[in-house]
Amino acid sequence: MRRILVTEDSATMRSLLVATIEASGDYEVVEAASGFEALRLLPRERVDLIITDINMPDINGLELINYVRKSETYRNTPLFIISTEGREKDVEKGLTLGANEYLVKPIDPARLQELIRKYIGTAPN
Amino acid sequence: MAEANDISGKAVKDFLAEAEEILDQLCADLGIMSDGIDTGECDPDSLNSVFRGAHSLKGLAGMFGFAGIQDLAHNMENLLDSLRLGKVDLGSHVMNVLMDSLEALGTMIRNLGEGGAEEPALQPLLKRINDCVTNSGGLESDSVLASLDIPASMINALTEYEEHRLLENIKKSRNIFSVLASFSLATFDQDLAELTDSLKKNGEVISTLPSVGSNMESSIDFEILFGSAKGLEEVAALVAEANATARWVNAGAGTPRKTAGEAVAAKPLVIEDAFPVPVETDEAQVPSGGAETGITAKSMSRTVRVDIGKLDDLMNIVGELVLSHSTISDIGEKMRKAGYSTMLAELLKAAKGLERKLNELQKGVMEIRMIPVGQLYEKMGRIVRKISKEQGKKVDLRLFGADTELDKLIMEDIADPLMHIIRNAIDHGIESPEERRNSGRSERGAIRLSSYQKGNHVVIEVEDDGRGIDLDKVKRKAIEKGLIPPNDTLTDREAVELIFLPGFSTSDKVSEISGRGVGMDVVKNNIAAVSGMVDVESVPGQGSRMTITLPITLAIIKALIISTAGRYYALPITSVLESIMIESTDILTVERKEVIQLRENTLPLLRLNRFFQLNGEQESENVFVVVVGVADKRLGIVVHELMGQQDIVIKTLGPVFEGVRGVSGAADLGDQRTILVLDVGGIISEATKGGCQV
């Protein structure tokens, strides 16, 4: 089963993302409520796709991307950034650091599903 | 957007809960920033935290389609971003715009919470926010960054804000270091926090960059960018405790300095002086929301959010259990009277065990509802700052007893009255700085807010060191308004109570703050509605003190059941001091009021049947008197019979009966009898007012 890491500090937002992902197919979601939690989970859990917010209190999303791209295991793992309007400079940096796609809040569920299928595909139930 | 509201009631509730948490944090952070302005500095961490709060709220609102909130948060975020990037200077004018925006956000969110429609963000307010943002501002050059001895990947991982902080540190001629540390994956968050805490005491932590450790599964490395006035040896020594190393980074900025020492402060964050610029008349009408009551949970990680309705349900269930227990006890009594002694012993034992468990359960549920008064203090702090600035007065707020706990519902209901009392204290009590100087006192007035538990009550005191209450002025106004006859002789204690009469106000102009129909009588009624009492003391030229006495909780209480004229009533045990039997000849009449001598004091009496205008005078020689008291007031209630003690659950009677003095609710007695629960504070007030012939 394909596994997706969702790193997002807003609980409400995170649960919406999880619901959207689970509704779109046979995916298992690993949740992290902060950058630190993601750092703890990544070495232990095997994930096929990483979705992260940029604006987080402990380490920001860019630093997480940097970490991910420098690690052997996740060097080539697909990675999406979630950002809000008006933070284009940070999104640019994220893409330069190696993120594959970005989504702007409010997230369009259809677009998220489309991108997930495009990168790690699994036929939906 | 109507669809958003239909998504699911639960989702909207989640939004509200999270939005209010964000709001509370914003409130606290803005408070810190506001205090900072007075001393001329702006804490970048608080500013950044406020920025993040607005940013999160914008995203959250956008997700749910609450365009008004999203719009306002978005505009605030722009302003805050400009502030933290140094493009806009923080001063009291901008601070006021931020405070007003926060208040508007609170109102909009509360409207949603009460089921109202979302209102669009106010155009005038948005304009005020945008007027603060200028697009001109220092543009930072990339060449400065490139000349630093930092790997390009680290620079690329800095957000725009972190870049700005780095450049600020360089401008202030601070030394920039890179600290490398390696931690075990299991404990890195604590270890990192310890390291950054000790670094923060000596400078600014600009960024922390994680990278994979030597063994990805068990360790993790961090490169920390740190700006400080300290030299390399000091910093290296500081981080050595965490087994970390430090090296120079800004070698490109000329000779590496050992100490930044007497640095040329390049462009400090400019703070204007503390008094606000006069405000234009066409300013935005910020919707006045009164006291911001909010549903809060203290911290996301260690607590569980509970819907207050569920707690009420739990309390109801506990109440029913209490009744069942009473029934069992009653059956036991009946059995004893009928002579079934062996089975009875077992039954009574079981009943006792049940009672013990019930007490524990009741205590446990009540504790869930208890919230520290400190939460109320935070809101009051903001109000004091705002009003004292508006009035041009200097006020220090001193807080005591923030840990004292109070039932959440009671706390919500007294937030508004408390706020009005404090507004009055600043408005009427504390004098202007010149007046205070002229009378030889300190320019800064003080308001002391303290809470403590006293028996089964919580006392909240609001004390100011202002001019006190002018009793002559009060008496004159009362006579003018026809509230007392002209030749009435009142003691000082009675005169000061006049301010609680409806229609009373000594303000000649209706100030927006304490006028507009919210007088002390409304405050007193609101407090009485939660079975509380308010007293006032004052010394002219020294100050005044308002004392609010509240029950700790309104749920299950022990009560004394009494009867008079064939009707049963319940008296909360917490207000009952003692019950005595006297002879009718002991009753004396002094100035048309009945009293008795109780030890050394004279105790006024109140015949309950006359108070409630019931028929049925008692004609026996022996009379039962229940001595009750709240705060330091005493009264003897004359009743016909004492029926015993019982645990009861007070239920409110609803809005129709709100104005009835002396009754705080009703309770089920278990055998399908419902009786009224007496409000001792209210009865004492009525009795001592002299308004009814008792």
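The values are calculated or read from the model by the stated rules, or taken from the named source; none is laboratory data. These numbers were taken from a predicted model, which means no experiment stands behind them. Here the Cβ positions follow ideal geometry from the backbone for every residue, glycine too, while neighbour counts run over all protein chains shown. Heavy atoms of the whole protein, side chains included, go into the accessibility calculation; ligands, DNA and RNA do not. Shrake-Rupley method; radii C 1.70, N 1.55, O 1.52, S 1.80 Å.
For chain A, what % of the accessible area comes from carbon and sulfur atoms, probe 1.4 Å?
Roughly 47 percent of what the probe reaches on chain A is carbon or sulfur.
In what sequence, highest mean first, do A:20-32, B:50-62, B:458-470, B:24-36 appear when ranked by Cβ atoms within 10 angstrom?
Packing order, densest peptide first, comes out as B:50-62, B:458-470, B:24-36, A:20-32.
If each of B:Glu583 and B:Ile479 carries a label point 7 Å out from its Cα toward its Cβ, how far apart are those two points in nm?
4.7 nm
Among residues other than B:Val133 whose Cβ falls under 12 Å from its Cβ, what is the net charge (Lys/Arg +1, Asp/Glu -1)?
-1
Suppose R0 equals 60 Å. What FRET efficiency, 1/(1 + (r/R0)^6) with r the Cβ-Cβ distance, do B:Glu119 and B:Thr342 give to the nearest 0.05?
Once rounded, the FRET efficiency stands at 0.25.
Can you give the FRET efficiency for B:Gln391 and B:Ser218, using 1/(1 + (r/R0)^6), R0 = 51 Å, r = Cβ-Cβ distance, to the nearest 0.05?
E(calc), rounded to 0.05, equals 0.25.
Taking each residue of A:97-107 in turn, how many C-beta atoms of other protein chains fall within 10 Å of its C-beta, and what is the average?
Mean partner-chain Cβ count within 10 Å for A:97-107: 2.
Order B:Leu577, B:Leu376 by their accessible area, 1.4 angstrom probe, all chains in place, largest first.
These residues rank, largest area first, as B:Leu577, B:Leu376.
Rounded to the nearest 100 Å², what's the accessible area chains A and B bury against each other, both chains counted, probe 1.4 Å?
Using a 1.4 Å probe on protein heavy atoms, the buried area is about 3300 Å².
Quick check: from the Cα gyration tensor, does region B:417-499 come out rounded (a/c under 1.5), prolate or oblate?
Judged from the Cα gyration tensor, region B:417-499 comes out oblate (a/c at least 1.5, b/c at or above a/b).
How large is the charge dipole for chain A, taken about the Cα centre, if only the Cβ atoms of Lys, Arg (+1) and Asp, Glu (-1) carry charge, to the nearest 20 debye?
I would put it at about 340 debye.
Which ³J(HN,Hα) values, rounded to whole Hz and listed in residue order, are derived for region A:31-43 from phi using the Karplus coefficients 6.51, -1.76 and 1.60 in 6.51 cos²θ - 1.76 cosθ + 1.60 with θ = phi - 60°, glycine and proline given as x?
9, 10, 8, 7, x, 4, 5, 4, 4, 6, 6, 4, x
Below 15 angstrom from the Cβ of A:Ile21, what's the summed charge of the other residues (Lys, Arg +1; Asp, Glu -1)?
-4
Which pairs break 19 Å Cα to Cα here: B:Lys408/B:Lys651; B:Lys310/B:Lys408; A:Lys89/B:Lys172?
A:Lys89/B:Lys172
In nm, to one decimal, how far is the A:Glu85 label point from the B:Gln645 one, both placed 7 Å along Cα→Cβ?
About 6.4 nm separates the two model spin labels.
Over 10 Å intervals from 0, what percent of Cα-Cα pairs in region B:324-418 sits in each interval?
Per 10 Å bin, starting at 0, the Cα pair percentages come out as 13, 25, 17, 14, 13, 10, 6, 2.
Between B:Asn130 and B:Tyr452, 0.36 nm times their residue separation minus their Cα-Cα distance comes to what?
111.4 nm
Starting from the Cα-Cα distance between B:Ala237 and B:Gln25, subtract it from 0.36 nm times their residue separation and give me the gain in nm to one decimal.
Using 0.36 nm per residue and subtracting the Cα-Cα distance, I get 72.8 nm.
Once you sort the root eigenvalues of the Cα gyration tensor of chain A as a ≥ b ≥ c, which label holds: rounded (a/c under 1.5), prolate (a/b larger than b/c) or oblate (the other case)?
rounded
Would you mind classifying region A:52-116 by shape? Square roots of the alpha carbon gyration tensor eigenvalues, ordered a ≥ b ≥ c; an a/c under 1.5 is rounded, otherwise it is prolate if a/b is larger than b/c and oblate if not.
Oblate.
At a threshold of 8 angstrom on Cα-Cα distance, excluding pairs fewer than six apart, so keeping six or more, what relative contact order does region A:30-71 reach in percent?
41 percent
Counting only C-alpha contacts under 8 Å and six or more residues apart, can you give the relative contact order of chain A as a whole percent?
26 percent
Using a 7 Å offset from the Cα along the Cα-to-Cβ direction at both B:Val539 and B:His93, what is the distance between the two label points in nm, to one decimal?
Result: 4.5 nm between the two label points.
Sorted by mean Cβ packing within 10 Å, highest first, what order do the peptides B:341-347, B:416-422 take?
Ranking the peptides B:341-347, B:416-422 by packing returns B:416-422, B:341-347.
Just to confirm a number: summing +1 for Lys and Arg and -1 for Asp and Glu over residues other than B:Asp313 whose beta-carbon lies under 12 angstrom from that of B:Asp313, what do you get?
Residues near B:Asp313 contribute -2 overall.
Where does each of B:201-213, B:218-230, B:601-613 land if you order them by average Cβ count within 10 Å, highest first?
Result, highest mean first: B:218-230, B:201-213, B:601-613.
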